[in-house]
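Before any comments, here is the structure.
The values are calculated or read from the model by the stated rules, or taken from the named source; none is laboratory data. The shown structure was predicted, so the numbers you read here are calculated from the model rather than taken from an experiment. All Cβ positions, even for glycine, are placed from backbone atoms using ideal geometry, and neighbour counts span all protein chains on display.
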Amino acid sequence: MDLRDLYQDVIVDHNRSPRNFREIAQADRIAEGVNPLCGDKLRVYLDLEGDRIRDISFEGSGCAISVASASLMTESLKGKTEKEARDFFRKIHGMLTEESPDIEIESLGKLAALSGVKAYPSRVKCATLCWHAVSAALDQSEKAVSTE
Ligand code: ZN
């Protein structure tokens with residue numbers, strides 16, 4: 001089995017049974033991402049503890065790439081710091097949009113499965129949608145009101 005087949009399998013698997021596909025009722029941050037070109041619409045939930053992502057989930061509907069990407073993203077970002085999350089996003093974005101990205105694909109773990117999307121420029125926005133949403137969620141200021 002070559003790498004391309006392996007990546008394809010990861011995408012198919014995560015689209016068929018998305019991980020962390022649920023709402024977080026007590027989410028600290030919520031952000032929506034919409035990709036009108038494809039019809040992808042995702043909502044991400046973040047549960048933060050200081051600058052660490054204690055829990056992350058998503059809901060919504062979209063194409064296989066957008067759902068698989070969000071599923072892989074939630075798996076990768078759980079337990080990570082905000083800085084690490086932004087770092088991942090920068091790498092993913094670079095991997096998919098730069099001519100010759102200076103990135104060790106192996107350092108991305110399972111997220112490397114998204115690298116094949118680069119061959120389909122119209123789908124890059126599908127793959128990065130959830131990342132833009134998380135980025136927006138992290139940019140939100142602290143909630144002013146909390147019951148805890
Ligand atoms: Zn899409």
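Here are the numbers:
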quantity	calculated
Near pairs, Cβ below 8 angstrom, 6+ apart or cross-chain, from the stretch 19-33 (more than 9 Å from Y45 (Cβ to Cβ)) to any residue that is surrounded by fewer than 19 Cβ atoms within 10 Å (Cβ to Cβ) and of a type in the set (A, V, I, L, M, F, W, C)	G33/A136
Checking A136 against (1) at pLDDT 95 or above; (2) surrounded by 15 or more Cβ atoms within 10 Å (Cβ to Cβ), the condition it does not meet	(1)
Leading residue by the ranking (surrounded by the most Cβ atoms within 10 Å (Cβ to Cβ)) among those in the stretch 35-62 that are without any contact (Cβ under 8 Å) to a residue 60 or more places away in the chain and within 14 Å of the ligand (Cβ to nearest atom)	G60
Given (1) crowded, with 23+ Cβ neighbours inside 10 Å; (2) free of Cβ contacts under 8 Å to residues at least 24 places away in the same chain, number of the condition L77 does not satisfy	(2)
Residue that is more than 16 Å from the ligand (Cβ to nearest atom) and either under 17 Å from A137 (Cβ atoms) or charged (D, E, K, R) (or both), where the choices are S100, S107, S76, S66	S76
Failed item in (1) assigned to a helix (DSSP H, G or I); (2) of a type outside the set (A, V, I, L, M); (3) under 16 Å from the mean Cα position of the chain (by Cα); (4) away from the ligand (no atom under 16 Å from the Cβ), with C126 passing the rest	(4)
Selected residue (criterion: farthest from the ligand (Cβ to nearest atom)) from residues of the stretch 6-33 that are part of a strand (DSSP E or B) and under 23 Å from A112 (Cα atoms)	F21
Test result for S122, of a type in the set (S, T, N, Q) and surrounded by 18 or more Cβ atoms within 10 Å (Cβ to Cβ)	no
The lone exception for A112 - which of (1) within 16 Å of the ligand (Cβ to nearest atom); (2) surrounded by fewer than 23 Cβ atoms within 10 Å (Cβ to Cβ); (3) of a type in the set (G, A, S) it fails	(1)
Which numbered condition I65 fails, given (1) free of Cβ contacts under 8 Å to residues at least 60 places away in the same chain; (2) assigned to a helix (DSSP H, G or I)	(1)
